[in-house]
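I have placed the structure first, in the form of structure tokens, so that the comments after it can refer back to it.
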Amino acid sequence: MRNTFIKALCEQAAKNDKIFLLCGDLGFSVLEQFADRFPDRYLNVGIAEQNMLQIASGLALEGYKVFVYSIGNFPTLRAMEQIRYDVCYHNLDVTVVAVGAGYAYGPLGTSHHTTEDIAMMRSIPNMLVCAPGDPQEAKLVARVLCEEHQGPAYVRINKAGEQSVHTTELSDKNTAIKVAGDSEQPDVLVLTTGAVLGSIVNQARDHLNKYVIYSLPFLDETLIQGLLPIISNVKKIITVEEHQLSGGFGGWVVENINDLYENGKINVYPKIKRIGIPDKFQHFAGTQEYLRQQSGIYL
């Protein structure tokens, strides 16, 4: 997914000479394709994530569309003050790209588990949160951020090797993406975001007569509103994410559905089950799939 995202960013940079990429002394074997083609719009700032966000803010004030790239926790937890005050307060065109979402770097332990980032980022005004589920969604996110979106954005992407769920290119940001489900009136609506998508689709293959699965690569309330005909008729909604339950995607879905109910857009409040990482640290290392199983991320 990260390779697809950077490749798409290169394609956009060839058309837009204001796209600038910063990294925090990593991304080797991934970012060279951008650095080699656009050396005057690429800078490795070293292991200095807070400074990287301040540099990004300065470049954005000079008219650049800036992307900063680092591993999961480092451009988020370590640089939250700079993201809040330097980027979001001034509504600057800076995108934070965190590679290794959830347990993608699971063998490296808790310091590399990115499990609170959605909660942090979605709470900051002006920030658009994006979590593509496969390479096609990563390509869509890159295009939207370069061609359509102006302002702060956050992208959480998996490291590598995730399953390709979509077989055709995606083009529409404003629609939740149906990925599986045979029934016109399903019992259960499954909503998911991020790289857990492929695993959930595989788990549900034998139950597609009662499930319909949608992926939401953008945490944009219009996507929930677009699902009103389904939400109004299903018996149950299940949200799935590779993120802690507190403040995550499931909480975001509940908040939006609550507002729809309060405003009279739906007449029945559906049952909602949230599947995600329990609000506790994992005190052991392991593969991404192993840590997902230990956290109970399955239908």
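Per-residue packing, averaged as other Cβ atoms within 10 Å, sorts the ranges 232-244, 21-33 into the order 232-244, 21-33, beginning with the highest.
Near residue 5, once Lys and Arg are set to +1 and Asp and Glu to -1 for all other residues with Cβ below 14 Å from its Cβ, the sum equals +2. Listed by chain and number, the lysines whose C-alpha is less than 27 Å from the C-alpha of residue 236, apart from same-chain residues fewer than 8 away, are 173, 178, 210, 265, 271, 273, 280.
With contributions of -39500 (n - 2.57) from each DSSP H run of at least four residues, the per-residue ellipticity at 222 nm computed over the chain stands at -8500 deg cm²/dmol.
When Lys and Arg each count +1 and Asp and Glu each count -1, what net charge do the other residues less than 10 Å away from residue 139, Cβ to Cβ, add up to? Can you show the working numbers first?
On the way: positive: 7, 143; negative: 11, 134, 137, 169.
Taking every other residue near residue 139 into account, the sum is -2.
Counting DSSP beta bridges in region 145-228, what percent are antiparallel, to the nearest 5? Walk me through the intermediate numbers first.
On the way: 3 of 8 bridges.
Antiparallel bridges: around 40 percent, rounded to the nearest 5.
Only beta bridges with both residues in region 47-154 are counted; by DSSP, about 10 percent of them are antiparallel. Annotation: the antiparallel percentage among DSSP beta bridges lying fully within the chain is about 10. Only Lys, Arg, Asp and Glu carry charge here, each on its Cβ (+1 for the first two, -1 for the last two); on that basis the chain has a dipole of about 480 debye about its Cα centre.
The distance linking region 257-293 with region 177-216 is 15 Å (Cα centroid to Cα centroid, whole angstrom). Per the Debye formula with a single identical scatterer at each Cα and no solvent contribution, what log10 I(q)/I(0) holds for region 177-295 at q = 0.10, 0.13, 0.16 Å⁻¹? So the normalised log intensities work out to -0.30, -0.51, -0.76. The fraction of Cα-Cα pairs per 5 angstrom bin, counted from 0 for the chain, comes to 1, 6, 13, 17, 19, 17, 13, 8, 5, 2, 0, 0 percent, rounded to whole percents.
Read-outs: derived from the displayed coordinates by stated rules, not from any lab. Fair warning: this is a prediction, and the values are worked out from it, not measured in the lab. Note: ideal-geometry Cβ built from the backbone for every residue, glycine included; neighbour counts use all protein chains shown.
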